[in-house]
Amino acid sequence: MAKFNIAIEANRHFNGELVADFGYAKGATAQRFHQSLPGYQATPLQPLNDLAKVIGVKQVLVKDESYRFDLNAFKMLGGVYAIARLLCEEYQLDIEQFDFAQFNQKIDKKLTFATATDGNHGRGVAWAAKQLGQNAVVYMPKGAAAERVNNIRNLGAECIVTDMNYDDTVRFVVERAQQQGWKVVQDTAWEGYTDIPTWIMQGYSTLAMESLDQIEQQGLSQPTHIILQAGVGAMAGGVLGCFADKLGANNFKAIIAEPELADCIYRSGKQGDMVNVGGDMATIMVGLACGEPNPLGWTVLKNCASYFVSCEDKVSALGMRVLGNPIGDDPRVVSGESGAIGAGLLAAVHFSDDKQQLMQALDLNQDSVVLVISTEGDTDVANYRDVVWLGKYA
């Protein structure tokens, strides 16, 4: 057994109220759009039955986003949908009828899309811009992995690493875009900037739509628990809104998990209002190293999440090793640092000296069906091997 730093806060502000922009109908529109993309396939939903037996729950389901096109992460779902919506506004097109091939044949003017990213979002924006014959400029915070930088540049985008943290890099991008006439594609919102982050969140809801379809197709039980990782809370809000609308917010427990060095959603859950976190936020979960909540996502999380969790880096590292080295007949899932926090939380609860208290705190038992989203594969191969092969963050 072991000790893990895991802080759990029950959501005292839960009311189950839905947010119209992030419900099932909006998710269905985004899913139809994604299904029209050349090469689209739903990513696998993997039952880990042997892991479930070890942990002491009925079932563990993993949505594996390492298969999302050839990008190894889910983020392009939001970026490509938002860019398509922007282009529809620019050229008076209907998103329901949007066709990539026809657009590229008819439109020869190029717009430039700018964003700040820890890696996956920027890669998704660069990919979307390339697919649509547009330009992309991507800024990354200090400490960005060379592999993530190169992945963006290989898609034809300009990529610049700053000497700032993520949230300050976002502000810098906004300033540069205003000077250069670029379109900002960012998954957080602020006063006067809500349409694009709304579209990005709606794009993320395809994760939920696919999962709901796959649960039905595979004859699986509906989840009693859904673990969603949060950076700014955009993915968590978009996905949770769709699930809450379809299943009923009172019919499952949503657990929002974050690294303790960037736990703005957890602190907001304790406070009941948005709380920002500053500093370097030097977590291995770089995709979650965000200190300022997206107010659009926060509204959904405040209304419909059951628990907020803050945990140390070795929880995610444990998840990477557990998913990559499956027990029994379970399939292998290659999950990166930000992707593995959900599975890591389940494993850390099981191996913790305080297992019974933690199980009770999250309302987990032998009847629980837990859905986790592995949001990325090994997007930084060197670090993945340091963790899984060499035991970093043991």
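Any read-out appearing in this document is the output of simple, stated calculations on the displayed coordinates, not a laboratory observation. All values reported here derive from a predicted model rather than from experimental measurement. Please note: Cβ atoms are built from the backbone with ideal geometry, for glycine as well, and neighbour counts cover all protein chains shown.
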When you take every Cα atom in the stretch 55-139, what is the radius of gyration, and what is Dmax, the widest Cα pair distance, in Å? 15.9, 57
Sorted by average packing, counted as other Cβ atoms within 10 angstrom per residue and highest first, what order do 321-327, 211-217 take? 321-327, 211-217
Mind ordering 131-141, 87-97 by average Cβ neighbours within 10 Å, highest first? 131-141, 87-97
Going down the list 302/392; 109/302; 253/314; 110/246, which pairs span over 31 Å between their C-alpha atoms? 302/392; 109/302; 110/246
Would you calculate the separation in nanometres between label points at residue 67 and residue 15, each defined as 7 Å from the Cα along the Cα-to-beta-carbon direction? 4.0 nm
Per residue of the chain, what 222 nm ellipticity follows from adding -39500 (n - 2.57) for every DSSP H run with n ≥ 4, rounded to the nearest 500? -13000 deg cm²/dmol
If you wrap the stretch 1-120's Cα atoms in a convex hull and average its projection over all directions, what's the area in nm²? 12.2 nm²
(i) 21.8; (ii) 22.5; (iii) 20.7: which one is Kirkwood radius over Cα pairs in Å as calculated from this entry? (iii)
Highest mean first, what order results for 73-80, 297-304 on Cβ atoms within 10 Å? 73-80, 297-304
Distance in nm between residue 389 and residue 351 label points, each 7 Å along Cα→Cβ, equals 2.0 nm
Counting DSSP beta bridges with both ends in the stretch 76-200, the antiparallel % (nearest 5): 10 percent
Per the stretch 76-200, sqrt(5λ) over the Cα gyration tensor eigenvalues, sorted largest first, in Å, gives 24, 16, 12
Rounded to the nearest whole number, the Stokes-Einstein translational diffusion coefficient of the stretch 215-361 at 25 °C and 0.890 mPa s (Kirkwood radius, C-alpha pairs) in µm²/s is 156 µm²/s
What are the residues whose amide H is under 5 Å from the amide H of residue 61, where those residues sit 5 or more places off or on another chain and H is modelled from the backbone? 48, 370, 371, 372
